[in-house]
Structures are given as structure tokens and as C-alpha cells.
Amino acid sequence: MRMNESATDRVVRVIVGLVAAVLGIAVGLSTAGGIILGIIAVILLVTGAVGFCPIYALLHFSTRHDSGHHHHATAS
């Protein structure tokens with residue numbers, strides 16, 4: 001698993017993940033909205049922590065700049 005997120009991308013994911021977690025708790029984790037926010041929070045926090053996004057990988061996309069080249073999604 002090759003990292004495909006830049007440092008900025010990772011920080012944004014963690015911040016948004018924390019906000020989603022707080023909102024999910026505030027809404028109530030037993031509600032549909034709370035569950036959705038909780039799932040989003042976990043996904044963002046995990047991908048931000050490890051630096052790998054499976055969706056980016058499927059799209060052959062990367063925001064990581066130090067890999068020597070910058071991939072963008074293209075139609076094949």
C-alpha cells in the first residue's frame with residue numbers, strides 16, 4: 001500500500017474527521033445522522049492517519065507531491 005495523500009490532505013482529513021466525530025456524538029450515535037457522521041469520521045481519521053485513500057488508488061490519483069510525479073485521474 002503506497003501512500004497517496006499529501007501532508008495537507010492528511011491534516012484536513014483528520015480535522016474534518018474530528019469535527020464529524022464531535023457532531024456525530026452531539027447528534028447521537030444511535031440516530032441515523034449520528035451513525036453516518038460516525039462512519040465518515042472513522043474513514044477520514046483512518047485514511048488521514050495512514051496516508052492512503054483506497055478511492056484515490058482506484059482512480060489512480062494522488063495528492064502526494066514527493067513521489068516524483070503527480071497523478072491525476074484520467075479516462076482510460
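What about I25, is it β-branched (V, I, T) and modelled with pLDDT of 95 or more? Here the answer is yes, as I25 does meet what is asked.
Applying a threshold of 8 Å to beta carbon distances and a minimum spacing of six or more residues, or different chains, the list of pairs starting in the range 1-30 at a residue that is among the acidic types (D, E) and ending at one that is not in a loop (DSSP other than H, G, I, E, B) reads E5/R13; E5/T47; E5/G48; E5/Y56; D9/G48.
The values are calculated or read from the model by the stated rules, or taken from the named source; none is laboratory data. In this text, all values refer to a predicted model and were calculated from it rather than measured experimentally. So basically every Cβ, Gly included, is an ideal-geometry build from the backbone, and we count neighbours across all protein chains shown.
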